[in-house]
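Notes for the one structure printed next.
The values are calculated or read from the model by the stated rules, or taken from the named source; none is laboratory data. Just so you know, these numbers come straight off a predicted model, no measurement behind them. No Cβ is skipped: glycine too gets one built from the backbone with ideal geometry, and neighbour counts run over all protein chains shown.
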Amino acid sequence: MRVIGLVVLQGLLEITGVVGLALVLARVPFSWKRAFLVGAGLFAVIQIARHLPLFFGFHTLVGLLALTVYLVRGENVSLANSFMAAFLSLFVLGVVEFASHATIFSLLHIDPQAATGNAEEWALIGLPQGVVMVLLAWGASMVLKPNCPGRKK
């Protein structure tokens, strides 16, 4: 049960940060409540996609598509801006994940193969990247202000 809680905590932090960053990049009014609620739904969709017996990375494509559709339908952002905001947000997640894992593996002398086999250890290794994504979304929201709220360009 502890492992499930860690995975959910890590995933919610990470995806809330991704959604928050996408909202900021799309230049819509930022709200933590909205970022968390959309992030929770997106987390559930991504977890379902992750466990389907399809190709590696399918869950990332599903997340990109779902976030783009949300920005177009829910936030009334143009398709091009929605895709760019979702793509850049997921790209930043990838960079943060790579940097976070590389740093943790080298500092703690952890074997990546052994870490992926232990679900609890893997979730704990992923927690810092979730925190960093939330902090990046918050920082970006301080710098990038929304355009006309909810208007298509």
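Summary table below
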read-out	value
Filtered residue count, segment 3-19, keeping only those that are surrounded by fewer than 22 Cβ atoms within 10 Å (Cβ to Cβ), in contact with a helix residue (DSSP H, G or I) (Cβ under 6 Å, 6 or more places away or on another chain) and within 11 Å of ALA40 (Cα to Cα)	2
Boolean, SER141 is at pLDDT below 95, more than 25 Å from MET1 (Cα to Cα) and not aromatic (Phe, Trp, Tyr)	yes
Test: residue in segment 4-22 that is in contact with an Asp or Glu (Cβ under 8 Å, 6 or more places away or on another chain) and under 23 Å from LEU124 (Cβ atoms)	yes
Residue pairs meeting the criteria (Cβ under 6 Å; at least 6 apart or on separate chains; first within 13 Å of VAL8 (Cα to Cα) and free of Cβ contacts under 8 Å to residues at least 40 places away in the same chain, in segment 118-130; second among the hydrophobic types (A, V, I, L, M, F, W, C) and assigned to a helix (DSSP H, G or I))	TRP122/ALA115
Of all residues making up segment 73-95, the number that are without any contact (Cβ under 8 Å) to a residue 12 or more places away in the chain and more than 10 Å from VAL18 (Cα to Cα)	5
Hits in segment 1-32 (condition: part of a helix (DSSP H, G or I), among the charged types (D, E, K, R) and farther than 13 Å from ALA137 by Cβ)	ARG2
Subset tally (residues that are on the phi > 0 side of the Ramachandran plot and in contact with a Leu (Cβ under 8 Å, 6 or more places away or on another chain)) for segment 48-74	0
Any helices (runs of 4 or more DSSP H) falling wholly within segment 68-147 and containing at least 3 residues that are among the aromatic types (Phe, Trp, Tyr)	79-108
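Condition check ((1) crowded, with 18+ Cβ neighbours inside 10 Å; (2) in contact with a Cys (Cβ under 6 Å, 6 or more places away or on another chain); (3) at pLDDT below 95; (4) not charged (D, E, K, R)) across all residues:
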position: ALA102; (1), (2), (3), (4): no, no, yes, yes
position: ASP111; (1), (2), (3), (4): no, no, yes, no
position: LEU135; (1), (2), (3), (4): no, no, no, yes
position: ASN147; (1), (2), (3), (4): no, no, yes, yes
position: LYS152; (1), (2), (3), (4): no, no, yes, no
